[in-house]
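The structure under discussion appears below in the form of structure tokens.
The values are calculated or read from the model by the stated rules, or taken from the named source; none is laboratory data. Since the model is a prediction, treat every value here as computed from it, not as a measurement. Virtual Cβ from ideal backbone geometry, glycine too; neighbours counted across all protein chains shown. In case anyone asks, the SASA skips ligands and DNA or RNA and just uses the protein heavy atoms, side chains included. Shrake-Rupley method; radii C 1.70, N 1.55, O 1.52, S 1.80 Å.
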Amino acid sequence: MKYLILLIFFLFQLSCIGQTIQKFLVNDYKLNDNTISEIFQTKTYFEKSETNTYKRTYYYNSKGFIIKMVGLDNEGKLSTRMSYEYDNFDNLIQIKDEKWNHSLGYSLITTNFYFESLDWVGIETIGNEGKIENKSIVQTEKGYPVKITSYNRDNSLIGYEIAEYNYNKNEVLIKLFNSQEIFIGKTIALKLNLSNDSNFKVDGVIKNEFGDITQELKPRCLSCDELVTYKYVYKYDNNKNWISKVTYKEEGVSTEKILKEKRKLKYRNTQPNSYNGFGK
């Protein structure tokens, strides 16, 4: 089933009742350009008290799916490594998440995804000691998750998420419920191109000629209702893939640079240039 090609990079983080459906729907971890084999990326966060830089290398298969990520911490030491396995239908079936913490040591979390007749039906997370930590039952409709119910290792209910889709209006409403089946937080409202409308647009989002977002409205924080404007400035290589991206946050008359990203792209042999670097 084609929706499973979109199976999210963040699903391994399923703990308790995280916003799994939302992460599934907004996934952007499959490359549009499948001639790219590696991306070396640095992210520099500009905070009031300090500046932190993190480095990650992403590896992709010939179909553009991520197969491995290696991350370094602010001191340049190995901090994380993730590997991904797919089946013959390009469904993501396993993620291994390894972490190295200077205080806590090494950990390994394995997440398995299960299917029946190509339908995504379940998630199982194996903890650092090799035991099942939690598992989820997934119900789908038209290729999209409509309910994800999560349980602890003793089969006690953790909670569940439900999604209501309006395909004509390209809208999704997501609600979270706890173990007492009580609605918690607030309803998450998403505007997505569910009907594959070629003229689909999202209010507050502006894209450039390369299809990259240059401006959008987003909540100030995860639990905030107030929206602020984010603007993005890019530099591109000869293959029209961005190699530099600077993020600015605008609040009122104030503009703040909060993040700078640089990417070094390695292309497969089909490209005239094997590398396109950071540039100036």
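Rounded to the nearest 0.05, what FRET efficiency do LYS231 and GLU47 give with R0 = 25 Å and r taken as the Cβ-Cβ distance? Could you check? Walk me through the numbers before you get to the answer.
Numbers: r = 19 Å, r/R0 = 0.74.
Plugging the Cβ-Cβ distance into 1/(1 + (r/R0)^6) gives 0.85.
So how long is each side of the stretch 160-212 along the principal axes, counting just the alpha-carbon atoms, biggest first, in Å?
Cα extents, longest axis first: 48, 20, 14 Å.
How large, in percent, is the carbon and sulfur part of the accessible surface of the stretch 147-255 at a probe radius of 1.4 Å?
Details: 3240 of 6850 Å².
Looking at the stretch 147-255 in its full context, I get 47 percent from C and S.
What does the extension gain come out to for GLN94 and GLU256, with contour length at 0.36 nm per residue minus their alpha carbon separation? Please report the intermediate quantities before stating the final value.
Numbers: separation 162, 0.36 × 162 = 58.32 nm, distance 3.89 nm.
Full extension of this stretch gives 54.4 nm more.
Express the carbon and sulfur contribution to the solvent-accessible surface of the stretch 24-98 as a percent, rounded to the nearest whole number, probe 1.4 angstrom.
Numbers: 1760 of 4010 Å².
Solvent-exposed carbon and sulfur of the stretch 24-98 make up 44 percent of the total.
Per residue, how much accessible area does the chain have with a 1.4 Å probe, in Å²? Intermediate values should be presented prior to the final figure.
Values: 16300 Å² over 280 residues.
Each residue of the chain exposes 58 Å² on average to a 1.4 Å probe.
Cut-off 10 angstrom, C-alpha nodes, Gaussian network model of the chain. Which of GLY185, GLY130, GLY105 fluctuates the most?
Highest fluctuation of the listed residues: GLY105.
Using the Cα gyration tensor of the stretch 116-181, with a ≥ b ≥ c the square roots of its eigenvalues, what is the shape: rounded (a/c below 1.5), prolate (a/b larger than b/c) or oblate (neither)? Show your work: numbers first, answer last.
Working: a/c = 3.13, a/b = 1.68, b/c = 1.87.
Oblate shape, in that a/c is at least 1.5 and b/c is the bigger or equal ratio.
To the nearest 10 Å², what's LEU104's accessible area with a 1.4 Å probe?
Accessible area of LEU104: about 150 Å².
Which of rounded, prolate, oblate describes the stretch 23-143, given a ≥ b ≥ c as roots of the alpha-carbon gyration tensor eigenvalues and a/c under 1.5 marking rounded, otherwise prolate only if a/b is larger than b/c? Could the numbers behind the result be given before it?
On the way: a/c = 2.04, a/b = 1.38, b/c = 1.48.
Oblate shape, in that a/c is at least 1.5 and b/c is the bigger or equal ratio.
Work out the FRET efficiency for LEU192 and PHE115 from their Cβ-Cβ distance, taking R0 = 25 Å, and round it to the nearest 0.05.
Details: r = 23 Å, r/R0 = 0.92.
Working from the Cβ atoms, E equals 0.60.
Determine which lysines satisfy two conditions relative to LYS99: a Cα distance under 19 Å, and not lying fewer than 8 residues away in the same chain.
LYS43, LYS55, LYS68, LYS77, LYS131
With label points built 7 Å along Cα→Cβ from the Cα atoms of THR214 and ASN239, find their separation and express it in nm.
2.4
Mind checking which aspartates and glutamates have their Cα closer than 16 Å to the Cα of LYS30? Skip sequence neighbours fewer than 8 apart in that chain.
Cross-link targets: GLU38, GLU85, ASP87, ASP90, ASP212.
How big is the Rg/Rh ratio for the stretch 38-79, C-alpha atoms only, Rh by Kirkwood, two decimals? Spell out each step's value before the answer.
Values: Rg = 12.6 Å, Rh = 11.4 Å.
So for the stretch 38-79, dividing Rg by the Kirkwood Rh gives 1.11.
What value, in deg cm²/dmol to 500, does the helix sum -39500 (n - 2.57) over DSSP H runs of n ≥ 4 give at 222 nm once divided by the residues of the chain? Before the final figure, lay out each step's value.
On the way: 1 runs with 6 residues, N = 280.
Value at 222 nm, helices only: -500 deg cm²/dmol.
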